């Protein structure tokens, strides 16, 4: 999100530098007037980068306080990033970037508490090199990075110095409280975390070392999100009530009250009737509005839970159109079982295309699916598979516990695929955007997404 005009970086030219030397007259040209009084907290700290041009241009060169040394990325590649670990959470007020001739035309200054999920502090879309001095910032985190998305030259990205100013969280700032006017960038409000997975409970228990759903459940519970989403095929093979009680309930059932499920094709196989065991087990949790599809809100997000076994029913389609028309939230996420796009064994499922068209028309942001037993993320695209910035991001998250499927035919716009490593999606939402990581049952992050803003 672009900052207000007064919070754009100060371009330090020769005349401005002379004035600064004479009397410090430039303090507070953008952001709060006293921001420069906060101490420099990044010098000498541990730094990493997406790449380096060579050993003489290591990431730490941009944090050594020496204006004649520099970090330089590999040439000719976007995106690239430079990150510093401040060692502890800091209240950040200012970030100053001193570019070499290989500068960024477009980049973001981002902050993170864990080095995985990032929040934008400032964004430049028309950079011209020199010095960018971002003041009036209001962010909190241990890690700060420059994330370059477009080079200003045919070379790479290169910074003489990247300086971060602020005070450790919990310490009094010498400048007093941050402003609330248009020059400040507020920290995201309404932030919350969600855990999601599909294709979960095989007919096995923790006594079987090869049983995966007890492990994904333990991981999901450890993350302790605001709530959980399941993307269908919650219970194998026929989703009978007895099977739900014997398997799913002993693992993922531990947090059933905080779960918003949808059914998959296996829930339709119950000999007692399609979705009979699913409905008996989840009850009103899965039918809060009397149907197997429903919606709910959290923060600035509207979540739409759909039954892809019934996409041919006009009742669901009519409901979806009315639900989206009545939505007042800025951000929209939808989830169901059968993915429109997948590089796995089941492949693309056109049954979901009409729903995609409705969601795309409503400027929805995110779609979560299961069905194929792997993890995959796609770049934003339209219902016809054309990459576009205003498109929908799709994630396949079918690694909740069922036997993995191999990747078979990689689809256009697929950015990352993982098969064979069980895990869950850890989704982090704010009032204006989202990002996620795919976390394996060993607790390690296997993939981290870009940070997306809501349409």
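Might you check whether a residue that is crowded, with 24+ Cβ neighbours inside 10 Å, outside any strand (DSSP E or B) and touching a residue at least 40 places away in the same chain (Cβ under 8 Å) occurs anywhere in the range 121-136? Yes: one or more hits. Within the range 276-287, restricting attention to residues that are under 20 Å from residue 368 (Cβ atoms) and touching a residue at least 24 places away in the same chain (Cβ under 8 Å), the residue that is surrounded by the most Cβ atoms within 10 Å (Cβ to Cβ) is 278.
Quick check on the range 347-354. Is at least one of its residues under 23 Å from the mean Cα position of the chain (by Cα) and part of a helix (DSSP H, G or I)? The answer is no, given that none of the residues of the range 347-354 is under 23 Å from the mean Cα position of the chain (by Cα) and part of a helix (DSSP H, G or I).
Here's the yes/no breakdown for (1) farther than 23 Å from residue 431 by Cα; (2) out of contact with any helix residue (DSSP H, G or I) (no Cβ under 7 Å at 6 or more places or on another chain); (3) surrounded by 19 or more Cβ atoms within 10 Å (Cβ to Cβ):
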position: 351; (1), (2), (3): yes, no, no
position: 357; (1), (2), (3): yes, yes, no
position: 368; (1), (2), (3): no, yes, yes
position: 371; (1), (2), (3): yes, yes, yes
position: 378; (1), (2), (3): no, yes, yes
position: 393; (1), (2), (3): no, yes, yes
position: 400; (1), (2), (3): yes, no, yes
position: 406; (1), (2), (3): yes, yes, no
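Note on the range 408-425: among residues that are under 16 Å from residue 368 (Cα atoms) and without any contact (Cβ under 8 Å) to a residue 60 or more places away in the chain, the one that is surrounded by the most Cβ atoms within 10 Å (Cβ to Cβ) is 418. Of everything in the range 232-263 that is in contact with a strand residue (DSSP E or B) (Cβ under 8 Å, 6 or more places away or on another chain) and more than 29 Å from residue 298 (Cα to Cα), the residue that is surrounded by the fewest Cβ atoms within 10 Å (Cβ to Cβ) is 243. Is it fair to say residue 303 is touching a residue at least 40 places away in the same chain (Cβ under 8 Å) and either under 20 Å from residue 352 (Cβ atoms) or outside any loop (DSSP other than H, G, I, E, B) (or both)? So residue 303 fits the description; yes. Residue 292 meets each of the listed conditions (1) within 17 Å of residue 369 (Cβ to Cβ); (2) in a helix (DSSP H, G or I) apart from (2).
Are any of the residues in the range 314-326 assigned to a strand (DSSP E or B), at pLDDT 95 or above, in contact with a strand residue (DSSP E or B) (Cβ under 9 Å, 6 or more places away or on another chain) and farther than 23 Å from residue 211 by Cα? Scanning the range 314-326 turns up no residue that is assigned to a strand (DSSP E or B), at pLDDT 95 or above, in contact with a strand residue (DSSP E or B) (Cβ under 9 Å, 6 or more places away or on another chain) and farther than 23 Å from residue 211 by Cα.
Would you call residue 265 closer than 27 Å to residue 437 by Cβ and in the same structural domain as residue 301 (by TED's automatic domain parsing)? In short, no. Inspection of the range 65-75 identifies at least one residue that is outside the structural domain of residue 426 (by TED's automatic domain parsing), in contact with a helix residue (DSSP H, G or I) (Cβ under 7 Å, 6 or more places away or on another chain) and part of a loop (DSSP other than H, G, I, E, B).
A single member of 186, 174, 182 is surrounded by fewer than 15 Cβ atoms within 10 Å (Cβ to Cβ), closer than 19 Å to residue 96 by Cβ and modelled with pLDDT under 95, and it is 174. Considering each residue of the range 266-289 in turn, none proves to be under 23 Å from residue 377 (Cα atoms) and touching a strand residue (DSSP E or B) at 6+ places or on another chain (Cβ under 8 Å). No other residue among 127, 139, 60, 65 is at pLDDT below 95, on the phi > 0 side of the Ramachandran plot and touching a strand residue (DSSP E or B) at 6+ places or on another chain (Cβ under 9 Å) apart from 65.
Could you list all residues from the range 104-117 that are part of a loop (DSSP other than H, G, I, E, B) and under 13 Å from residue 82 (Cα atoms)? Listed by number, the list holds a single entry, 115. Residues satisfying the criterion are present in the range 242-256 (criterion: assigned to a helix (DSSP H, G or I) and out of contact with any helix residue (DSSP H, G or I) (no Cβ under 9 Å at 6 or more places or on another chain)).
The values are calculated or read from the model by the stated rules, or taken from the named source; none is laboratory data. Because the structure is a prediction, the values reported are computed rather than measured. A quick note on method: Cβ atoms are made from the backbone with ideal geometry, for glycine too, and the neighbour counts reach across all protein chains shown.
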